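Below: the structure, in structure tokens.
The values are calculated or read from the model by the stated rules, or taken from the named source; none is laboratory data. Only a predicted model underlies this, so the values are computations on that prediction, with no experimental measurement involved. Here Cβ is always computed from backbone atoms with ideal geometry, including for glycine, and neighbour counts include all displayed protein chains. Accessible surface is based on the protein model in full, side chains and every heavy atom, while ligands, DNA and RNA are left aside. Shrake-Rupley method; radii C 1.70, N 1.55, O 1.52, S 1.80 Å.
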Amino acid sequence: MYKRQEDIFSWRTVYPLTSHAISSTGSIEPLGGSTQTVHDHEYFWKVGTHVASQTVRKWRERDIYSALKLFLLIAVLALFGNLYLARTRLREQRNQYELESSERLLNIITSELAEGLVVLDAKGCLRMMNLEAQRLLGWSEQELAGKGFHALVHPEGICQSKQGCALQLAGSQGIIQTDDDGVFMCRDGKILPLAYSAAPMVIDQRQSGIILTFQDITEQKRAREQLILLATHDPLTGLSNR
């Protein structure tokens, strides 16, 4: 290949005869016979090409334009990709902040409740326990985490309700159950009189656990027993008046 200024010249050798073919050299005379024969590897053509400088410039301009379009396309795609990733990251951060804020708010609310709050999973194992529940039962949330709650605080034979254990009924029947005169066993074995409510926790139309709330009714029960004693016994002698 030869290049003059911006023109491009190139050439190649072509062997037009098939393998083992023979041709002749011809003659300079119009009707003269061939004076010599040539074989396939001896007979060849020289083929040349010429590309003008205007064509070369057009090719360059076309290549530059195509490269520029490709670069702009990649740049636009990269820009939109970065914008999408930035928006996604910002949305994740906002969702994370909202989740953390909700958790902090929930912790504040549950810690300030004047009654015990316990959340159990579908297997009856502890998921959450507020401070009041820990104070009343003597168990810490860490001690009961992942353990069967009913077997520890409401063992067999402790339930005094004729209808059955409200905590178990809420899980089996899927409806809110209450017991206004129930008892739980504390960590030290003490029996705690209480009124409690057990409600099924439904998530995505599926029962996923139990929400239990309860109050200590020791003082109310003592006051009620005192009223019964005063109503049935003489205050001076202490003897039954019935």
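Picking from H41, H150, H50, which is most flexible by a Gaussian network model of the chain using Cα springs under 10 Å? Evaluated over the chain, the most mobile residue of the options is H41.
Quick one: among S53, S208, S102, which has the greatest mean-square fluctuation in a GNM of the chain with alpha-carbon springs under 10 angstrom? Residue with maximal mean-square fluctuation among S53, S208, S102: S53. Summed over qualifying helices (DSSP H, 4 residues or more, each -39500 (n - 2.57)) and divided by its residue number, the chain shows a 222 nm mean residue ellipticity of -13500 deg cm²/dmol. Restricting the GluC sites (Glu not before Pro) of the stretch 109-207 to loop positions (DSSP other than H, G, I, E, B) with no more than 12 neighbouring Cβ atoms within 10 Å leaves E156. Between the beta carbons of A151 and L229, assuming R0 = 41 Å, the FRET efficiency works out to 0.70 to the nearest 0.05. The phi torsions of the stretch 166-174, fed into the Karplus equation with coefficients 6.51, -1.76 and 1.60 and a -60° offset, translate into couplings of 5, 5, 6, 5, 5, x, 7, 9, x Hz, rounded to whole numbers, with Gly and Pro shown as x. On the basis of the beta-carbon distance and an R0 of 45 Å, A114 and R89 show a calculated FRET efficiency of 0.60.
Between Q142 and T49, the distance separating the two model label sites (each 7 Å from Cα on the Cα→Cβ line) works out to 8.1 nm.
Surface listing: T18, T55 arranged by accessible area from highest to lowest gives T18, T55, probe 1.4 Å. When all protein chains stay in place and ligands, DNA and RNA are ignored, the 1.4 Å accessible-area order of W45, W139, W11, largest first, is W11, W45, W139.
Accessible surface of the chain, 1.4 Å probe: 57 percent of it comes from carbon and sulfur atoms.
When the chain is treated as a Gaussian network with alpha carbon springs shorter than 10 Å, the biggest mean-square fluctuation among D63, D179, D216 belongs to D63. The mean accessible area for residues of the chain, using a 1.4 Å probe and ignoring ligands and nucleic acids, is 74 Å² per residue.
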